[in-house]
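Encoded as structure tokens, the structure appears first; notes follow it.
The values are calculated or read from the model by the stated rules, or taken from the named source; none is laboratory data. No experiment lies behind these values; they were computed from the predicted model shown. Note that each Cβ is placed from the backbone with ideal geometry, even for glycine, and that neighbours are counted across all protein chains shown.
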Amino acid sequence: MIEIRQENKKDYEEVYNVVKMAFESAKHSDGNEQDLVVALRKSKNFIPELSLVAVNDDKIVGYVMFSKIKIGEYEELALAPLAVLPKYQKQGIGKKLIEKGHKIAKGLGFHYSVVLGSEKYYPKLGYVPASQYGIKAPFEVLDENFMVMKLNDFDKEIVGTVEYAKEFNI
């Protein structure tokens, strides 16, 4: 049985290894995702409630982090990274992590979550090309790989180029 819960400091080393192993065979990876997690935890963009682990038999098998970004004048979220140990992939763990994160993010009052990722995976979870909302990436990327999910109804239009935390080195 998979339990999704907030990460705590005792999890840091295990999360580091989970992220590293999950991205070792990833097609699109710079190999530094685990170091990004460490850097983001120390930043003002870190939201402890949105740093989640998936636990199976007292072992962390998955991880997701949502951190603060800016779109225009609004603080919104970036989903990065999502990591599931290779042995546990394709079992819905990533989906559970993201759905729990979305639920918490809604409760915290965020309106959007952006992600740079697979055009085959993230649309299954409700993500659409960010261009549909007038949201742009701060780098060159295929439209289908830079996506957004609207989390809350909001009467103001949020448009513009995403400003990532400096820890992303973008």
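Looking only at region 19-70, filter to residues that are exposed (fewer than 14 other Cβ atoms within 10 Å of the Cβ) and among the polar types (S, T, N, Q); which one of those is nearest to Glu3 (Cα to Cα)?
Across region 19-70, the extreme among qualifying residues is Ser25.
Can you give me the ranges of the strands (runs of 3 or more DSSP E) entirely in region 101-170 with at least 2 residues that are within 14 Å of the chain's Cα centre (by Cα)?
Ranges flagged: 112-116, 146-150.
Read through the list (1) modelled with pLDDT under 95; (2) hydroxyl-bearing (Ser, Thr, Tyr); (3) in contact with a strand residue (DSSP E or B) (Cβ under 6 Å, 6 or more places away or on another chain), then give the number of the only condition that Ser67 fails.
(1)
Name the pairs: first residue in region 104-130 and in contact (Cβ under 8 Å) with a residue 12 or more places away in the chain and more than 14 Å from Ala78 (Cα to Cα), second residue assigned to a helix (DSSP H, G or I) and β-branched (Val, Ile, Thr), Cβ to Cβ under 6 Å, at least 6 apart or on different chains?
Leu125/Ile98
For residues in region 142-155 being surrounded by 13 or more Cβ atoms within 10 Å (Cβ to Cβ) and without any contact (Cβ under 8 Å) to a residue 40 or more places away in the chain, which is nearest to Lys100 (Cα to Cα)?
Within region 142-155, the match that is nearest to Lys100 (Cα to Cα) is Lys150.
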